[in-house]
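What follows is a short report on a single structure.
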Amino acid sequence: MAIDISATSKLWSFPGGIHPPERKAPANMTAIQRFPLPPVLFIPLRQHAGEPGELCVAVGDYVLKGQPLTIPGVDNGLPVHASTSGTITAIQQHPLNHPSGLTGLTLCLEPDGKDAWYPRQPIANIDAISQREVLQHLQAMGIAGLGGAGFPTARKVAGARNIDVLIINGVECEPYIVSDDRLMREHAGEILAGSLLLQKLTSAKQLVIAIEDNKPEAAAAFAAAIHDSNATDTDTTELKGAAAVLKIVPTRYPSGGEKQLIQILTGKQVPVRGLPADIGILMQNVGTAFAVARAIHHGEPLLERVVTITGEAVHQPGTAWALLGTPIEYLLAQSGFRAQEKKQRVIMGGPMMGFTVTNLQIPVIKTTNCILAPSQKELAPAEAEMACIRCGACEIACPASLLPQQLQWLAKAKDYDGLKQHNLADCIECGACAYVCPSQIPLVQYYRQAKAEIREQAIEQQKAEIARQRFEARQARLEREKEERLAKHKKAAEARKAAQAAQAARQTESSTDGEQDPVKAALARVKAKKAQQDRGVEPAKSEQKDAVAAAVARAKAKKAERDANAESTPATTEKKDAVAAAVARAKAKKAERERLAKLEAENIGDSENKQNATNNKGNENS
Amino acid sequence: MSFYIASSPHHHQRRTTAKLMQLVLFAMLPGFLAQLYFFGWGVIFQLSLAIAVALAAESLCLIARDRAPASGLQDNTAIVTAALLAVSIPPLAPWWVIVIGTLFAIVVVKHLFGGVGHNIFNPAMAGYVLLLISFPVQMTAWMPPTGLASNAPGFIDSLYLFLFQFTNEGFSLEQVRRIDTGSMLDAVVMATPLDHVKTQLSQGATLSEALQHRQFTGFAGAGWQWVNFAYLLGGLLLLQQRVIQWHIPVAMLGALSICAILGSIFAPDLLPGLNIHLFSGATMFAAFFIATDPVSAATSSKGKLIYATLIGVLIYVIRSYGGYPDAVAFAVLLANLCVPVIDQYTRPVTYGHRKEES
């Protein structure tokens, strides 16, 4: 059934969901600011889902704004660029913008204040070049999904076939976060342009822009942009504004989650372990659409993004264009952050899915959408966990129709099979269950831990499986070698017997001939023995005394032996075994590859969740 | 500067278990006051003693189980259990009845099964059934409602009855419970409406004959109907406050109503009608305060509907054909037994696992 969404078509609903206080004001009241250049930028090589690019600059290099610092390289990773002009002062380990708090390879860039551009190469007419070339350009510009896990946009578009609907996600349902809201209010036209480019690239039949009903200004800006687009582009309305449908969805967390928004707009569910593309849908965040427009129309790489800096510990909450690599400390300082006495939290992302950070030197990366510094009063720290009273509030809130309390019991019991049976993997970690829990159980924390343990267990199992295969292969090889040795010995023994018999016969013959030469006979015997020892076959017929005949016989024997060897199985078995071993190796390799693929998929899913944590729910996540 | 580390979500609805239990207690207030008005002071004594015993038992159990008693007591669940049991038993039942019932509910039904959240049976109802089976005389000795009792005991007399089973002047509970029928000879011990109907029907009387009794002056029995309305009011408050969901009360009352209507259609003379079923016994109390106990109820919304329907049907069946008129407690316990199997078969379909509609 093809999806058909019109301005008046019905909206569906997803189960569960919650209505936490939105607290979008006052951060959404002021225009997106632009702070002075920070004194230093920390640009991590990896800022998105997938492999990092390969370094192409060295310490001491002077780089221009927009100059690539990494290239896709063999891993086809997404490049990062110099966010402004300046000098690379170091390439070193630096704390990452990640819940783990680990460090990663990071370029330190000292801005020179000139903000001098590297040559830009806009694409004047995307119809003139192939889709592949446009996607290559997007990859070179470092475009990644700005709403979710930061999945490389070019790869997402290239992987999508038969797309019915391209959904531009401007829902931004997580409390506090207003980055997309401000971007839509101020740059609706360019977002629409980027959306149309994406629609062209995906050949999507329809373009739908979804906004939550708590952002009327953004919706109005979009409506105006669609109207303008229709007015100016009358010749291409077929693909342009006329196809762009603006859908206003009711405010309910987490309606901006990719799966939930798809359910709201189409009533369909993304099949388990599948992608939206499987049901003809592709989703992109409004910020991504904006970045695509900048990259194609202006040749600008992804160098900056809108970040919300909010919370009661911040004196001037608002949004800002933050260069990728800006330490969050700088942004907080510019916004008048003053830490409280006790239990001050700094949260990357929103209150529902964000993660707390301990080091303010971590940089803004492509997926950073909010820095939240709440007071204890507005977001009280969690209280002590109490016993579950099976009230079922979590189940009512769960947007994925899971049984959160059941999962909690199972996670506490470390019943991994039970967890898998109850579809723990389908938990999007939105936090709705923990939000409503009257017993203050940190449910999401339990799920995350259980997921990590299950993943760990799967890796261990895989390792054990490989070790078992190796061991079995070795056993088989030893066994084979033993058999070969035995066969060889047996053949040697047979040959020896044959030689002895031949000798006995010869002796009888020579005695009947009456022509006795004991010396020669003895020599022949020695030779025979030697030959026997050498290759286990007696070069028979040494009865004749002349050496030529003996040599001929030896040659014959040799041939016979070779034939025998060729006939006897060892060579073939060896070959067969070699084939078997190769097959086993290939199998192991394949299994390993599958495991890696799975892990990667999980990682993506995982980081998706984390990013959702980092980012607001209201965005495309994948 | 070090920052505080926490796991998402960082925001929580400030509605703790303790707060929910407070709301439940608050919502019981109208029903409690109605009982106080119609059945005298006894309910206050029952409630006070039950709460005291429950808190003591809860503390001891927590200590025995190596838990901090302070944190365990904070959740108010023991108080709710005590209150539910206290309003269920006859107000002037001897003090040791409520003590035994509360101890059984807290120690055996709750803590021996693992404490709050782990009990498979509703503690108050299990305690009630234990008392009903063990002390049938005391447990059926309900006072006639105010207005019918010939010698309604005052506060002091009630206290004496509660403690010593005799008033200050030496009247026994049996004497106090008599209602005035005009002549001393006719003075009879008053049974609860449901008990009365049941007895009358079992003696061959028709329903209309059974309802001739003067206690059925109002809509469904003097006093009792107002107690039921009061609990209905409290229940609606719980619904409005979203302490409970609509599924259980609606399904239970719906199932009971359907059964009662069908019964009235097919055997109007032999089976009590809808008004009796809904307002003469513990129906409203059960629908909003007993069956909705989250711990021993089914968890999913669909499961709750099945669970509560089962209770409604069982109440009707037990009232109509069982040996006891006190159907609610038995029905709830039987439904509690079915919860694991209900939960097993009412698991919602996880997102993305829906079978493809083709």
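Results, tabulated for the structure shown:
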| item | result |
| --- | --- |
| Residues (open to solvent by 10 Å² or more (accessible area, probe 1.4 Å) and either closer than 22 Å to A:SER9 by Cβ or acidic (Asp, Glu) (or both)) located in region A:181-195 | A:GLU186, A:GLU190 |
| Residues of region B:299-319 satisfying the condition of being within 14 Å of chain A (Cβ to nearest Cβ) and within 16 Å of the chain's Cα centre (by Cα) | B:ALA308 |
| Only listed residue being open to solvent by less than 50 Å² (accessible area, probe 1.4 Å) and aromatic (Phe, Trp, Tyr), chosen from B:PHE26, B:PHE32 | B:PHE32 |
| Failed item in (1) part of a helix (DSSP H, G or I); (2) away from chain A (no Cβ under 11 Å); (3) surrounded by fewer than 17 Cβ atoms within 10 Å (Cβ to Cβ), with B:ALA57 passing the rest | (3) |
| Yes/no for B:ASN76 being within 12 Å of chain A (Cβ to nearest Cβ), buried (at least 18 other Cβ atoms within 10 Å of the Cβ) and at negative phi | no |
| Subset of region A:358-386 [over 11 Å from A:PRO327 (Cβ atoms), of a type in the set (A, V, I, L, M), within 12 Å of chain B (Cβ to nearest Cβ) and in a loop (DSSP other than H, G, I, E, B)] | A:ALA373, A:LEU379, A:ALA380, A:ALA382, A:ALA384, A:MET386 |
| Within region B:86-176, helices (runs of 4 or more DSSP H) holding 1 or more residues that are over 21 Å from B:THR192 (Cα atoms) | B:95-103, B:123-134, B:155-164 |
| Helices (runs of 4 or more DSSP H) contained entirely in region A:387-491, each with at least 1 residues that are without any contact (Cβ under 8 Å) to a residue 60 or more places away in the chain, surrounded by fewer than 17 Cβ atoms within 10 Å (Cβ to Cβ) and within 32 Å of the chain's Cα centre (by Cα) | A:404-412, A:416-421 |
| Some residue of region B:296-316 being assigned to a loop (DSSP other than H, G, I, E, B), touching a residue at least 24 places away in the same chain (Cβ under 8 Å) and open to solvent by 40 Å² or more (accessible area, probe 1.4 Å) | no |
| Residue match in region B:272-294 (condition: within 14 Å of chain A (Cβ to nearest Cβ) and in contact with a Gly (Cβ under 7 Å, 6 or more places away or on another chain)) | yes |
| Residue list for region A:332-346, restricted to those being buried (at least 22 other Cβ atoms within 10 Å of the Cβ) and either modelled with pLDDT of 95 or more or more than 12 Å from chain B (Cβ to nearest Cβ) (or both) | A:SER335 |
| Number of the exception - B:GLN245 against (1) of a type outside the set (A, V, I, L, M, F, W, C); (2) within 14 Å of chain A (Cβ to nearest Cβ); (3) open to solvent by less than 40 Å² (accessible area, probe 1.4 Å); (4) outside any helix (DSSP H, G or I) | (3) |
| Qualifying residue in region B:347-354 (condition: open to solvent by 10 Å² or more (accessible area, probe 1.4 Å) and in contact (Cβ under 8 Å) with a residue 40 or more places away in the chain) | yes |
| Meets criteria (closer than 21 Å to B:GLN138 by Cβ, more than 14 Å from chain A (Cβ to nearest Cβ) and aliphatic (A, V, I, L, M)) for B:ILE63 | no |
| Output for region B:249-271, where each listed residue is touching a residue at least 60 places away in the same chain (Cβ under 8 Å) and either aromatic (Phe, Trp, Tyr) or touching a Gly at 6+ places or on another chain (Cβ under 9 Å) (or both) | B:ALA251, B:MET252, B:ALA255, B:LEU256, B:LEU270, B:LEU271 |
| Counted residues, region A:261-274 - those being in contact with a strand residue (DSSP E or B) (Cβ under 9 Å, 6 or more places away or on another chain), farther than 15 Å from A:ILE209 by Cβ and either part of a helix (DSSP H, G or I) or open to solvent by 10 Å² or more (accessible area, probe 1.4 Å) (or both) | 1 |
| Candidate set: region B:317-329, residues that are in contact with a Leu (Cβ under 8 Å, 6 or more places away or on another chain) and outside any helix (DSSP H, G or I); chosen: the one most open to solvent (accessible area, probe 1.4 Å) | B:TYR324 |
| Criterion (at pLDDT below 90, among the hydrophobic types (A, V, I, L, M, F, W, C) and surrounded by fewer than 20 Cβ atoms within 10 Å (Cβ to Cβ)) met by exactly one of A:ALA58, A:ALA31, A:ALA49, A:ALA25 | A:ALA25 |
| Selected residue [closer than 28 Å to A:ARG185 by Cβ and either open to solvent by less than 60 Å² (accessible area, probe 1.4 Å) or acidic (Asp, Glu) (or both)] from A:PHE42, A:PHE14 | A:PHE14 |
| Residue list for region A:400-421, restricted to those being closer than 21 Å to A:LEU275 by Cα and in contact with a Lys or Arg (Cβ under 8 Å, 6 or more places away or on another chain) | A:ALA400 |
| Residue within region B:330-343 that is facing chain A (nearest Cβ under 9 Å) and open to solvent by less than 80 Å² (accessible area, probe 1.4 Å) present | yes |
| Residue tally, condition within 11 Å of another protein chain (Cβ to nearest Cβ) and either more than 19 Å from A:ALA387 (Cα to Cα) or part of a helix (DSSP H, G or I) (or both), over region B:10-24 | 8 |
| Given (1) closer than 20 Å to A:PRO399 by Cα; (2) more than 12 Å from chain B (Cβ to nearest Cβ), number of the condition A:TYR253 does not satisfy | (2) |
| Condition met for A:LEU410 (hydrophobic (A, V, I, L, M, F, W, C) and modelled with pLDDT under 90) | no |
| Of residues in region B:90-123 being of a type in the set (A, V, I, L, M), more than 14 Å from chain A (Cβ to nearest Cβ) and more than 11 Å from B:ALA50 (Cα to Cα), the one most open to solvent (accessible area, probe 1.4 Å) | B:LEU112 |
| Residue within region B:25-40 that is closer than 30 Å to B:GLY154 by Cα, within 14 Å of another protein chain (Cβ to nearest Cβ) and touching a residue at least 60 places away in the same chain (Cβ under 8 Å) present | no |
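Results for (1) in a loop (DSSP other than H, G, I, E, B); (2) open to solvent by less than 10 Å² (accessible area, probe 1.4 Å); (3) free of Cβ contacts under 8 Å to residues at least 12 places away in the same chain; (4) touching a helix residue (DSSP H, G or I) at 6+ places or on another chain (Cβ under 8 Å), shown as yes or no for each residue.
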{"site": "A:GLY73", "(1), (2), (3), (4)": "yes, no, no, no"}
{"site": "A:SER83", "(1), (2), (3), (4)": "yes, yes, no, no"}
{"site": "A:THR89", "(1), (2), (3), (4)": "no, no, no, no"}
{"site": "A:GLN93", "(1), (2), (3), (4)": "no, no, no, no"}
{"site": "A:HIS98", "(1), (2), (3), (4)": "yes, no, no, yes"}
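The values are calculated or read from the model by the stated rules, or taken from the named source; none is laboratory data. Values in this document were obtained by computation on a predicted structure and should not be read as measured data. As a convention, Cβ positions derive from the backbone with ideal geometry for all residues, glycine included, and neighbour counts pool all protein chains shown. Keep in mind that these areas ignore ligands, DNA and RNA; they rest on the heavy atoms of the full protein, side chains included. Shrake-Rupley method; radii C 1.70, N 1.55, O 1.52, S 1.80 Å.
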